[in-house]
Amino acid sequence: MLAGIPVLIGVALKLSGPGGGGGGGPAFLDQVAGNGVFLAFASLTVLLTLVLPLTMAVVSGDSMAGEASHGTLRYLLAVPAGRTRLLAVKYAAVVIFGLAACATVAAAALIVGVILFPVGPVTLLSGSTVSLGAGLLRLLLVVLYVAAAMAALGAIGLAVSTFTEHPIGAIAAILVLAVASEVSDAVPQFSAIHPYLPSHWWLSFGAILRSPAGGPELTHGLLSFAVYVIIFAAIAWARFTSADVTS
Amino acid sequence: MSVAGQGAGPRDEIGFGREDPPPAGERQPARPRPPAVAPGWPAVAISSTGLSKRFRGGQLAVDGVSLAVPAGSVYGFLGPNGSGKTTTIRMLLGLIYPTSGEHELLGTPMPAGATAVLSRVGSLVEGPAFHPQLSGRANLARCDATDRTADPATAADRISAALERVGLLAAARKHYRAYSLGMKQRLAIAAGLLQPRDLMILDEPTNGLDPQGTREVRSLIREIAAGGTTVFVSSHLLAEVEQISTHVGVMRTGQLVFQGTLAEMRDRGAARILVRTAEPEQGQGPGRPRPGRRPVRTARGQRPARRAAAGGDQRRAGARGRAGGRPGNPAAQPGGPVRRADRGRLRCPRLSARRPAGQRSSHGRRAVPARGSGSSAPSCA
């Protein structure tokens, strides 16, 4: 399903003609017509708003609460699996899923972009041009950055999941958190807390696409992700190792 | 209220291996004997001291339970629903943290040593739980993969062996959601048999099984116990537990009211019937006493007495004699009730139940008070 959306975007852009979209659409979309590689960036941007957080919410919300609701959690612990080890393995699975999801989106978009649009040297946001290989390398970095953002969301999801036995409740809660964060980010009156919101730095990967790759945004973003991972992983660990498993 | 304190006290009061010899000439079905403890094993497989659990909300689910499960025995953990059996089992396995008290499994303090010792413990807690979309074999493979002490190279063989022991080899490839309840229970037991275990903790393994399934599980438990594994079985059916256990622990409203060998439990519940009648020689009945019944002593008496219901299940009274027996049944009649034929011949017998010296029944009754002759209720049949 994740791969289907880039295909849709690519086809839609192709059909709307070379000048379609203009400057009003999301970033990169207008550049797609010039170079198919940009379809990958465009897809990631579009999907980061809702679809990728949704999939991360589903996977991380189900991680512990799903086992509890199935009743298999008590048997996992009795094997024994060790509470800390179980939590770590579940989180690793969430992170790997996030990486796979982002990679799928990028790969699908790349394939479609190559098929539908001309491909050549990549024009960066700062104006300079790099070769196709370097452009693909930057795409890889973008994918990693987005995967890190999703891993941070996954840590929040894991923590929420340890508090409940109902996976659907956990999933809904995580999604609400993600959307609330994005909405708050768009409200100028909350500008004081903007840098601390988890979703504020999701779309900052544009810095990778400048001529000297990097920049303060990028480091801020990665720092934010790391802090969120540490805080919420600690919450999840504290809760899980001290809770009674009555499911 | 009961003799709980004595039964649940220090381990040396349990009396391993001490049993009354059966009366001469009595036929008994083969009962498992408490085996001698193998050298190198902890003498007690499960021990706990004052284990308690109070849930948020103030409910005291388990109150000062001190278990002592001898190694190599089959320990029946009895009690009605809601008596705290499952909560105790969850605490033993480290799933729930006790509010107070300590416990050890196989000599290792828990829950600190959980990762070290739980791989030698197989368990079935509150019903089977597996993933419905996987087959039985795939579910067991997942269980085995989670166990760090399990050797992956022998996994397939061990899974097949476990499935064969419980009789599920033919259905191993079906999805779990297609299993009947009996098959699900057996798969849960198979998960506990994937590796050689020193201890099996089974929470109501025959729950929901038909008689055939119950027989199969019983024979499986006997087979496991014969291999030297300690088996801790919880149930609310004394009849079930009697057939497989060597030792018994009885729970009631969170407290362990009795702990000891099966024979001790029967002794505790036993009482003699004292029949006072004008015709004592009629009360003896022809022939020798029936097997399993206590001989009836007779003594001369005059007054009509309340009719005692001569039915009743000795074992129920014995098992739950401490656990809130029947207050409306003044002459609890284990052992030797007066035979129905004789009752007709006896003139208004006075029946009273005497328990062995030093013990009290839970309802504290002793001799039946005789009714006045003006009473309109019939006093004897």
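Computed values, structure above
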quantity	calculated
Residues within region B:69-113 that are in contact with a Gly (Cβ under 7 Å, 6 or more places away or on another chain) and among the charged types (D, E, K, R), tallied	1
Filtered residue count, region A:68-85, keeping only those that are free of Cβ contacts under 8 Å to residues at least 40 places away in the same chain, closer than 22 Å to B:Ala190 by Cβ and either of a type in the set (Lys, Arg) or part of a helix (DSSP H, G or I) (or both)	5
All strands (runs of 3 or more DSSP E) inside region B:36-137 with 2 or more residues being facing another protein chain (nearest Cβ under 9 Å) and closer than 19 Å to A:Thr246 by Cα	B:121-124
Residue match in region A:115-132 (condition: in contact with a Leu (Cβ under 6 Å, 6 or more places away or on another chain) and in a helix (DSSP H, G or I))	no
Lone qualifier among B:Ala162, B:Ala145, B:Ala155 - being away from chain A (no Cβ under 12 Å) and surrounded by fewer than 19 Cβ atoms within 10 Å (Cβ to Cβ)	B:Ala155
Residues of region A:205-247 classified as in contact with a strand residue (DSSP E or B) (Cβ under 9 Å, 6 or more places away or on another chain) and within 14 Å of chain B (Cβ to nearest Cβ), total	1
Complete set of residues in region A:50-109 that are of a type in the set (Ser, Thr, Tyr) and within 14 Å of another protein chain (Cβ to nearest Cβ)	A:Ser69, A:Thr72, A:Tyr75, A:Thr84
Residue in region A:218-236 that is surrounded by fewer than 17 Cβ atoms within 10 Å (Cβ to Cβ) and either touching a Phe, Trp or Tyr at 6+ places or on another chain (Cβ under 7 Å) or basic (Lys, Arg) (or both) present	yes
Residues of region B:129-152 satisfying the condition of being under 30 Å from B:Ala43 (Cα atoms) and either touching a residue at least 24 places away in the same chain (Cβ under 8 Å) or touching a strand residue (DSSP E or B) at 6+ places or on another chain (Cβ under 7 Å) (or both)	B:Cys143, B:Asp144, B:Asp147, B:Arg148, B:Thr149, B:Ala150
Yes/no for B:Arg222 being closer than 18 Å to B:Gly72 by Cβ, touching a helix residue (DSSP H, G or I) at 6+ places or on another chain (Cβ under 9 Å), surrounded by fewer than 18 Cβ atoms within 10 Å (Cβ to Cβ) and in contact (Cβ under 8 Å) with a residue 40 or more places away in the chain	yes
Qualifying residue in region A:49-66 (condition: under 28 Å from B:Asp144 (Cα atoms), surrounded by fewer than 24 Cβ atoms within 10 Å (Cβ to Cβ) and of a type in the set (Gly, Ala, Ser))	yes
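Bear in mind that the values in this text are calculations on the coordinates, not laboratory data. Computed from a predicted structure; not experimentally measured. Positions of Cβ are generated from backbone atoms using ideal geometry, with glycine treated the same way; all protein chains shown enter the neighbour counts.
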